[in-house]
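The values are calculated or read from the model by the stated rules, or taken from the named source; none is laboratory data. The structure presented is a predicted model; accordingly, all values stated were derived computationally and were not measured. Cβ placement follows ideal geometry from the backbone for every residue including glycine, while neighbour counts extend to all protein chains displayed. SASA here: full protein model, heavy atoms, side chains in, ligands and nucleic acids out. Shrake-Rupley method; radii C 1.70, N 1.55, O 1.52, S 1.80 Å.
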Amino acid sequence: MKRIISAIAAMPQIRRAEEKDIPAVLELLRQVLEVHHEGRPDLFAANGGKYSPEELQAIFADASTPVFVFDDGASVKGYIFCRLEDHSGRSEAPHRSLYIDDLCVEEGARGTHIGKRLYGFAREFARSQGCYNITLHVWECNPGAKAFYGTLGLRPQYTSLEEIL
């Protein structure tokens, strides 16, 4: 019986992030920063962090900012940061969106469909929350991410332009 319980506990799963996941998530955030720094060193620092451990703890506890992790039974191999957004205004039809703030798969686990599974999980979560759509931003300096999202069926919603002065 102990072996069965151990085998079940070691099975890969996608679940809500917990406080115990903070070190793994911080490492994955570092990997994302590295990719962005390589592509746009004018905008992204070589080191630092998007969130502190305390900020992650607050994000994980907030129902409007769910973070899901892919846990292979031994460690966290990926995450997807989400944010529920309610839109309404004078020129915007009322609707609810799931904004994906960040998705990362550990460098050594890329190409194993973890990212696709995380996105699919977020899609089902969005449907369960009555969302009309899923939105995200992807940097032009990250062609791998652009190609990945294209394989999932995401298409540009709008284009953000810049002029560097």
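If you build a Gaussian network model of the chain, linking Cα atoms that sit under 10 Å apart, which residue out of Leu98, Leu33, Leu152 swings the most?
With Cα springs under 10 Å in the chain, the top fluctuation among Leu98, Leu33, Leu152 is at Leu152.
Run the simple label-point estimate for Tyr132 and Asp72 please: 7 Å along Cα→C-beta, distance reported in nm.
Rounded to a tenth, the inter-label distance reads 4.0 nm.
Name the GluC sites (Glu not before Pro) in the stretch 81-164 that are in a loop by DSSP and that have at most 10 other C-beta atoms within 10 Å, would you?
When the GluC sites (Glu not before Pro) of the stretch 81-164 are filtered for loop state and at most 10 Cβ neighbours within 10 Å, Glu92, Glu162, Glu163 remain.
Among residues other than Arg16 whose Cβ falls under 12 Å from its Cβ, what is the net charge (Lys/Arg +1, Asp/Glu -1)?
Summing Lys/Arg as +1 and Asp/Glu as -1 gives -3.
For the chain, what is the accessible area per residue in Å², given a 1.4 Å probe and the full set of protein chains?
I get 64 Å² per residue for the chain.
If DNA, RNA and ligands are ignored and the probe is 1.4 Å, what is the ranking of Val138, Val32, Val25 by accessible area, most exposed first?
Val138, Val32, Val25
So what is the relative contact order of the chain, in percent, for Cα pairs below 8 Å that sit 6 or more residues apart?
20 percent.
Plugging the Kirkwood radius over Cα pairs into Stokes-Einstein for the stretch 78-148, at a temperature of 4 °C and a viscosity of 1.567 mPa s, what D comes out in µm²/s?
The estimated diffusion coefficient comes to 97 µm²/s.
Leaving out same-chain residues fewer than 8 places away, which aspartates and glutamates sit with a Cα under 13 Å from that of Lys20?
Glu54, Asp71
For a quick check of your reading of the filter: which chymotrypsin sites (Phe, Trp or Tyr not before Pro) in the stretch 133-165 sit in a DSSP loop and have no more than 11 other Cβ atoms within 10 Å?
Taking the stretch 133-165 and a limit of 11 other Cβ atoms within 10 Å, the loop chymotrypsin sites (Phe, Trp or Tyr not before Pro) found are Tyr158.
Mind checking which of Gln129, Gln31, Gln57 has the largest fluctuation in a GNM of the chain, springs on alpha carbons under 10 Å?
Of Gln129, Gln31, Gln57, the Gaussian network model singles out Gln129 as fluctuating most.
Top mean-square fluctuation among Ala93, Ala46, Ala74, Gaussian network model of the chain, C-alpha springs under 10 Å?
Taking springs between Cα atoms under 10 Å, the residue moving most is Ala93.
Would you kindly state how much longer the chain becomes between Glu124 and Gln157 on full extension, computed as 0.36 nm times their sequence separation minus their alpha carbon distance, in nm to one decimal?
9.8 nm
Going by accessible area, probe 1.4 Å, with all protein chains left in place, what is the ranking of Asp71, Asp86, largest first?
Final ranking, largest accessible area leading: Asp86, Asp71.
To the nearest 0.05, how large is the calculated FRET efficiency for Glu27 and Arg90 if R₀ is 41 Å and r is the Cβ-Cβ distance?
0.40
Would you compute, from DSSP H runs of 4+ residues alone, the mean residue ellipticity of the chain at 222 nm, taking -39500 (n - 2.57) per run and dividing by the full residue count, rounded to the nearest 500?
Calculated at 222 nm, the ellipticity per residue is -11000 deg cm²/dmol.
For the stretch 54-165, give the percent of accessible area contributed by carbon and sulfur heavy atoms, probe 1.4 Å, rounded to a whole number.
Result for the stretch 54-165: 51 percent of the exposed heavy-atom area is carbon or sulfur.
Show me the chymotrypsin sites (Phe, Trp or Tyr not before Pro) within the stretch 64-135 that DSSP assigns to loop and that have at most 15 other Cβ atoms within 10 Å of their Cβ.
Tyr132
More than 25 Å apart: what percent of Cα pairs in the stretch 14-165 qualify?
The share of Cα pairs beyond 25 Å in the stretch 14-165 comes to 32 percent.
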